[in-house]
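Note sheet for the following structure.
The values are calculated or read from the model by the stated rules, or taken from the named source; none is laboratory data. Everything numeric here is computed off the predicted structure, so don't read it as measured data. Note: ideal-geometry Cβ built from the backbone for every residue, glycine included; neighbour counts use all protein chains shown.
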Amino acid sequence: MMNMAQARPIAPNSPSQKQKLPAPRRGLHLSPHMVDVAVQVAVVAALAGIWEFGARFGALNPFLLPPLSVVLGRIWEDLIAGTVPVDLGLTLYRALLGFAIGAVIGIPAGILMARSNVVRWFLDPLVSIGFPMPKIAFLPIFILWFDIYDTSKIIMVAFSCFFPIVAATYAGCSSLDKWPIWSARSFGAGERELLWEVYLPMAMPQILTGLQVALPVGMITTIVTEMLMGGRGVGGAMIMAGRFADSVGVFAGIVQIIILGFVVVKSVEMIRRRILIWHPESRR
Amino acid sequence: MSVTHLSASPRSRAHTASGISVRGVSHTYGARTAGGMLALDGIDLEIADGEFHCLLGPSGCGKSTLLYLIGGFIPVQAGVIATSAGPVTSPGPDRSIVFQNFALFPWKTVKDNVLYGLKKAGFNAAEREQRARHYIDMVHLTGFENAYPSQLSGGMQQRAAIARTLAVDPGILLMDEPFGALDAQTRRVMQEELRAIWRDSRKTVVFVTHDVQEAVFLADRISIMSARPGRIQHVIDVDLPKDRGEEILENREFIRLSEQIWRLVREQAVAATRGAH
């Protein structure tokens, strides 16, 4: 078969191949995937239950850990009052815009690194140094250079998203299988056509992996910059709540972040499946 | 298997057949380092316009390397390779190739794989559609047009790759063990099909194989290559009727040639095994 095993990126935890053996015909029959989901939902529900009843029946100090129902009630109130949509919207806007800027710069940079020695000589050391560095340390500089509002936050997010994206794209584009390239060339494809018609689709699994790593990084960076700089946004709201010893408000922020992160990450997984419909990983 | 062909199909860009001239070609892998490996040593080969030529030899004798050099995929280090279009310096649509490992585009369906080459060759939309359908049908993949390569067996992928290359109707057809992944039955049918296409369309074919019977069945001339470093040891004319079908297998000349060539190849294979130790 084709040597595509190398191109297999991180896989979502899903049951193994097409082992859809007809389930025994007694009781209710669920597919392995449904069982998987059901168990995972049950685990989350159990933890939520422990939180709720632990806090409610005095096992835990309700100030240090307010019951889940109270936290959800607060989110509901703020939702109606209109602060949650504004904060969530702002956080999402900063995270996604920063992420998009990181991708728009990082993907071409990674491709160029793989295709041009000059670009690689220039960028490789910068990426090697920058990738493991805690990017948030640059925040004071970005505040100095830009502002204390959106611009510096978004640039901070773009900066931290850039590194995983450029590294994954470079890795993906520099280890391409030569055979599809050779066949495209034998059909008469020029260098520019090769880039769009062969290199990009072939490197797509790794590029998407880079994007999938960068997106949570972007969310983390957004929340942290909001916490450090204050103002609106989920991170800012949490810091405010913390300063006012409003533990319910802090936990409301945490629950919002959990939900936001889950939705965003799952959406990207679905997009990945759509794009990589040709890839064996999509048929697990 | 449909043995009908697109007869005198309208062409937007005709690739005329051409001979291939290989003179004094040597090739060393890792030539820039000290421990370079000499793969081809002084190859001289004249393949006539419209000839079906088989390169036969043990594995590792450099026959694929020679094919890739003719294809322009790897640069010629020593010697000259030329077609009627001039010296070969890069791959081009006048020399289409079927790779041993298919080299399909995994992100395209079977049909889109076939359409890709047709589009590059400049066929118009209606021709592309018609030719894609015809060649997919010829390799028995009708019903799998919308399957991705990873959903197909190795043999099916190989047939898709053959359809993709034949569809563009190249003047020179390079084939690197193209039937290797097929079962014996399909293999025989594809061999007959290829002979028929070649006979009807006057292509120059260079066909790499290590299967003696396949070479004798298909070729006008066979070059037998030596074990590494690859040299052309013998060039044998195959004096068999142009129309070859199942019955040729019982032809006295076919059997005699096969046995003669088998002995020559065996010598090289034994030498190759000894060289490996």
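Things to note:
- Hey, B:P178 in a loop (DSSP other than H, G, I, E, B), crowded, with 24+ Cβ neighbours inside 10 Å and out of contact with any helix residue (DSSP H, G or I) (no Cβ under 7 Å at 6 or more places or on another chain) or not: no
- Residue pairs whose Cβ atoms lie under 6 Å apart, sitting 6 or more positions apart in sequence or on different chains, and linking a residue in the range B:127-143 that is in contact (Cβ under 8 Å) with a residue 40 or more places away in the chain to a partner that is surrounded by 21 or more Cβ atoms within 10 Å (Cβ to Cβ) and of a type outside the set (A, V, I, L, M), are B:V139/B:R159.
- Output for the range A:256-284, where each listed residue is of a type in the set (A, V, I, L, M) and more than 14 Å from every other protein chain (Cβ to nearest Cβ): A:I257, A:I258, A:I259, A:L260, A:V263, A:V264, A:V265, A:V268, A:M270, A:I271
- Subset of the range B:47-82 (residues that are part of a loop (DSSP other than H, G, I, E, B), in contact (Cβ under 8 Å) with a residue 24 or more places away in the chain and surrounded by fewer than 22 Cβ atoms within 10 Å (Cβ to Cβ)): B:A48, B:D49, B:G50, B:E51, B:S59, B:G60, B:I74, B:V76, B:Q77
- Taken across the range A:145-158, residues that are assigned to a helix (DSSP H, G or I), surrounded by fewer than 16 Cβ atoms within 10 Å (Cβ to Cβ) and not acidic (D, E) do occur, with at least one present.
- Boolean, A:F262 is under 30 Å from A:Y170 (Cα atoms) and either buried (at least 23 other Cβ atoms within 10 Å of the Cβ) or at pLDDT below 90 (or both): no
- Among the residues of the range A:141-156, those that are within 17 Å of A:G236 (Cβ to Cβ) and in contact (Cβ under 8 Å) with a residue 40 or more places away in the chain comprise A:I143, A:I148, A:Y149, A:D150, A:S152, A:K153, A:I154, A:M156.
Residue-wise test of (1) under 14 Å from B:Q100 (Cα atoms); (2) out of contact with any His (no Cβ under 9 Å at 6 or more places or on another chain).
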site: B:G122; (1), (2): no, yes
site: B:V139; (1), (2): no, yes
site: B:I162; (1), (2): yes, yes
site: B:G171; (1), (2): no, no
site: B:E192; (1), (2): no, yes
site: B:W198; (1), (2): no, yes
site: B:H210; (1), (2): yes, yes
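- The set of residues from the range B:68-89 being more than 12 Å from chain A (Cβ to nearest Cβ) and over 15 Å from B:I20 (Cα atoms) comprises B:P75, B:Q77, B:A78.
- Looking only at the range A:54-80, and only at residues there that are out of contact with any helix residue (DSSP H, G or I) (no Cβ under 9 Å at 6 or more places or on another chain) and more than 18 Å from A:I259 (Cβ to Cβ), the one that is surrounded by the fewest Cβ atoms within 10 Å (Cβ to Cβ): A:G58
- Entry remark, the range B:234-277: residues being among the aliphatic types (A, V, I, L, M) and under 17 Å from B:R221 (Cβ atoms) number 9 in total.
- Restricting attention to the range B:196-242 and to residues that are of a type in the set (G, A, S) and out of contact with any Gly (no Cβ under 9 Å at 6 or more places or on another chain), the residue that is modelled with the lowest pLDDT turns out to be B:S201.
- Condition check for B:E177: in contact with a His (Cβ under 8 Å, 6 or more places away or on another chain) and touching a residue at least 40 places away in the same chain (Cβ under 8 Å): yes
- B:L40 vs. criteria assigned to a strand (DSSP E or B), buried (at least 21 other Cβ atoms within 10 Å of the Cβ) and in contact with a His (Cβ under 7 Å, 6 or more places away or on another chain): yes
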